[in-house]
Amino acid sequence: MTAPVERTVEQASAPARRLGVLGWPVSHSRSPAIHNAALSALGMAGWRYQLLPVPPELFAPTTRALGPAGFVGANVTIPHKGAALALADSAGPEAAAIGAANTLNFAEDGSIAAENTDAPGLIAAIGEPLKGRRALVLGAGGSARAAVWALLGAGAAEVLIWNRTRERALALARELGGAAVSEPEAADVLVNCTAVGLSPAAGELAQLGLTAALLGRFETVVDLVYGEGATELLATARAQGARVVDGLEVLVAQGALSFQLWTGVQAPLQVMREAAGRAEIAR
């Protein structure tokens, strides 16, 4: 990832600038609360982060219009991460290798640069050595691509990939490495990169091909989904004795990296964590 340009807060806060998160749906996102808290804590007056709900058919024209409208950058979430990379005029090494982008930078000349902070953000949020360990990734979309790439890069001995559409898991394994499996199986680390749990409903574990007994065989369980309290996946994993990492911690970790790319200013991690918690209470 390209290192952020060193600037002072005063320099970074001089112009009025806009940031946002592109997704469909995106109303659940706590990114505005997290980033606006960081901007406020750093005294960056004139900066604002907002929701950008955009359906897939309007993603390209809407995103191309953001730079001229005063946007410096945007996060990208489901289902646009692949489209974001395809749209960009240039891409950082992580985004290019992964084949998906979660961060866009809009230049004054109208060009768009794609980056991926999902991968390093995931590793930072897990916060423990992964070398030599076995991991299972659920899903085959943009976040799953970042997870597989990140886990392999962190030295995981094996990365298994499960998706309800097996052909997508096989394609991901061929492109980035890892091994597609026909059903979830035990490993040291589990990372859920699907949207299951985003709209809580009975039978979430079954949708993921999991059981409580199987979850008891994982040491660490990560769920990129977040909502009101723990998802069924994390609640069950915790009850089975696993260490759990929720989606808010991953969101903060990758968001802090995006923040630094856009502003050149070190992100206030604790401020962002506290804002994420307050947003949960307020919803």
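Within the listed set Ala38, Ala267, Ala202, the Gaussian network model of the chain (springs between alpha-carbon atoms below 10 Å) gives the highest mean-square fluctuation for Ala202. Here the chain carries DSSP beta bridges of which approximately 20% are antiparallel, counting only pairs with both residues inside.
Considering only Ala113, Ala169, Ala16, the Gaussian network model of the chain with Cα springs below 10 Å gives its largest mean-square fluctuation to Ala16. From largest to smallest, the equivalent ellipsoid semi-axes obtained for the range 161-204 from the alpha-carbon gyration tensor read 21, 13, 10 Å. Within the listed set Ala213, Ala97, Ala195, the Gaussian network model of the chain (springs between alpha-carbon atoms below 10 Å) gives the highest mean-square fluctuation for Ala213.
Computed from the C-beta positions of Glu167 and Ala69, the FRET efficiency with R₀ = 35 Å rounds to 0.35.
Remark: spin-label model distance Gln266-Ala206 equals 5.1 nm, labels positioned 7 Å along the Cα→Cβ axis.
Each residue, Glu228 and Gln50, gets one label point 7 Å from its Cα in the Cβ direction; the gap between the two is 2.8 nm. Is the shape of the range 139-283 rounded, prolate or oblate, going by the alpha carbon gyration tensor and its root eigenvalues a ≥ b ≥ c, with a/c under 1.5 for rounded and a/b larger than b/c for prolate? Taking the square roots of the gyration eigenvalues as a ≥ b ≥ c, the range 139-283 is oblate.
Where only DSSP H runs of four or more residues are counted, the chain gives -11500 deg cm²/dmol as its mean residue ellipticity at 222 nm, each run worth -39500 (n - 2.57).
Once both labels are positioned 7 Å from their Cα atoms along Cα-to-Cβ, the gap between Glu219 and Ser27 label points is 4.2 nm.
Laboratory data are not the source of any read-out in this text; all were calculated from the coordinates shown. Computed from a predicted structure; not experimentally measured. Every residue, glycine among them, receives a Cβ derived from its backbone with ideal geometry; neighbour counts consider all protein chains shown.
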